[in-house]
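*Asks:* To start, I am sharing the structure in question, which I have written as structure tokens.
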Amino acid sequence: MDVKLWIVILVLAIIIELISYGLISIWFIPSIILTIILKAFGLNNIYIEIMIVLSLSTVLLIFTRPLVVKFLKPQNIKTNFDRILDMKGKIIKKVNLNDFGIVKVDGKEWRCYASKEIEVGKI
């Protein structure tokens, strides 16, 4: 295969990767680059070129995909009351059975309800 065709395939793989988020063609890019380099040093066998691309892409997919997926996985950042669920707080307004109280947790005040009365100052 002519080196120009490999360059076209490389550019297409890069374009596909840029417009997609699913890591579709990134595994082919290094193997195509290696094939282009080997062609520059005289490799001129289409079957070997295709085997290099397929085998190196497969190896990269198997060994690097779990790392890349882990790196790109969105983190679950707790931002509201789920962030303070297992934290201890201090009651600053008495909690009554029929009314809410106020508890201070991590420097912020939150409404709270309880199945029994809780006095001010309790933790």
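*Asks:* Being of a type in the set (A, V, I, L, M, F, W, C), surrounded by fewer than 12 Cβ atoms within 10 Å (Cβ to Cβ) and more than 34 Å from the chain's Cα centre (by Cα) is the filter here; which residues of the range 65-123 pass it?
*Replies:* Within the range 65-123, LEU97, ILE123 meet the criteria.
*Asks:* Take GLU49 and tell me if it is loosely packed, with under 10 Cβ neighbours inside 10 Å and either farther than 30 Å from ILE14 by Cβ or without any contact (Cβ under 8 Å) to a residue 60 or more places away in the chain (or both).
*Replies:* No; evaluated as a whole, the condition is false for this residue.
*Asks:* Let me ask something additional. Could we say that ILE102 is of a type in the set (Val, Ile, Thr), more than 30 Å from ILE9 (Cβ to Cβ) and touching a Lys or Arg at 6+ places or on another chain (Cβ under 8 Å) here?
*Replies:* Spelling it out, ILE102 is indeed of a type in the set (Val, Ile, Thr), more than 30 Å from ILE9 (Cβ to Cβ) and touching a Lys or Arg at 6+ places or on another chain (Cβ under 8 Å).
*Asks:* Let me ask another. So, in the range 74-83, exactly how many residues are farther than 28 Å from ARG111 by Cα and modelled with pLDDT of 75 or more?
*Replies:* Summing the residues that are farther than 28 Å from ARG111 by Cα and modelled with pLDDT of 75 or more in the range 74-83 gives 0.
*Asks:* Does SER55 satisfy the condition of being buried (at least 17 other Cβ atoms within 10 Å of the Cβ), of a type in the set (S, T, N, Q) and free of Cβ contacts under 8 Å to residues at least 40 places away in the same chain?
*Replies:* no
*Asks:* Next up: Pairs needed: first member in the range 18-29, modelled with pLDDT under 90 and of a type in the set (Phe, Trp, Tyr); second member anywhere, surrounded by 10 or more Cβ atoms within 10 Å (Cβ to Cβ) and not in a loop (DSSP other than H, G, I, E, B); C-beta distance under 6 Å; at least 6 residues apart or different chains.
*Replies:* Between residues of the range 18-29 that are modelled with pLDDT under 90 and of a type in the set (Phe, Trp, Tyr) and residues that are surrounded by 10 or more Cβ atoms within 10 Å (Cβ to Cβ) and not in a loop (DSSP other than H, G, I, E, B), the close pairs are TRP27/SER57; TRP27/LEU60; TRP27/LEU61.
The values are calculated or read from the model by the stated rules, or taken from the named source; none is laboratory data. In this text, all values refer to a predicted model and were calculated from it rather than measured experimentally. Every residue, glycine as well, gets a Cβ built from its backbone with ideal geometry; the counts of neighbours run over all protein chains shown.
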